[in-house]
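The values are calculated or read from the model by the stated rules, or taken from the named source; none is laboratory data. For clarity, every value in this text was computed on a predicted model and none was experimentally measured. Glycine also receives a Cβ, built like all others from the backbone with ideal geometry; neighbour counts cover every protein chain displayed.
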Amino acid sequence: MAKKPFFENMLESGLFASRWLMAPFYVGLIAALVALMVVFFQELAHSLPMLWTFDAVTHAYAMTADDAIMLALSLIDLSLAANLVLIVIFSGYENFISKLDVGDHKDRPDWMGTVDFSGLKLKLVASIVAISGIALLKGFLDLGGEDELTPVKERQLMWQVIVHITFVVSGVLLAFMDWLTGHQKG
């Protein structure tokens, strides 16, 4: 085998080392994960006191069943977004920078080290569809309130449905393309 020229070796080494330029992006995503956690606890701190607040005039608690469902959906939404960020951090780092050396740690997720770029795209789209679905459900639950359905709310809900359907169709098409690619390789 012929030896490569010195400059070619240096160029290739530099190109390979450039993958470390991605590391600050993953540190930034950790900051986004912290922000999601703070908002999660702010949502809880804001809503939970309503659970025990009793209004003597209306003889009802401040938090209704619909409010509790909206709180749960908001917290699920934040949790799904945080899971998505964590998946992107782990799999992105492992796919593009370096393997995470955590050994056989008992808490190591089974999927770690097995999510390739194609799998990452599918997980990303699936999470976006789930988050969009929760936002859409929250929009429909808001319709059950005392406010009447205004043209502005109707238009907003229509666009939420359109965006959600777009995400679903995009996810199905992406999965289909990955399936086709997988069958072509086999």
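Just a few scattered comments:
- Some residue of region 80-98 being under 24 Å from LEU124 (Cα atoms), modelled with pLDDT of 90 or more, small (Gly, Ala, Ser) and surrounded by 15 or more Cβ atoms within 10 Å (Cβ to Cβ): yes
- Hey, ASP55 more than 26 Å from GLU94 (Cβ to Cβ), exposed (fewer than 11 other Cβ atoms within 10 Å of the Cβ) and among the charged types (D, E, K, R) or not: yes
- Per the listing VAL115, VAL125, the residue uniquely in a helix (DSSP H, G or I), among the aliphatic types (A, V, I, L, M) and buried (at least 17 other Cβ atoms within 10 Å of the Cβ) is VAL125.
- TRP111 satisfies every condition listed in (1) more than 22 Å from the chain's Cα centre (by Cα); (2) at pLDDT below 80 except (1).
- Among the residues of region 128-186, those identified as free of Cβ contacts under 8 Å to residues at least 24 places away in the same chain, surrounded by fewer than 10 Cβ atoms within 10 Å (Cβ to Cβ) and not in a helix (DSSP H, G or I) are GLU146, ASP147, GLU148, THR150, GLY186.
- Extreme residue, nearest to LEU21 (Cα to Cα), among residues of region 89-112 that are part of a loop (DSSP other than H, G, I, E, B) and of a type in the set (D, E, K, R): LYS99
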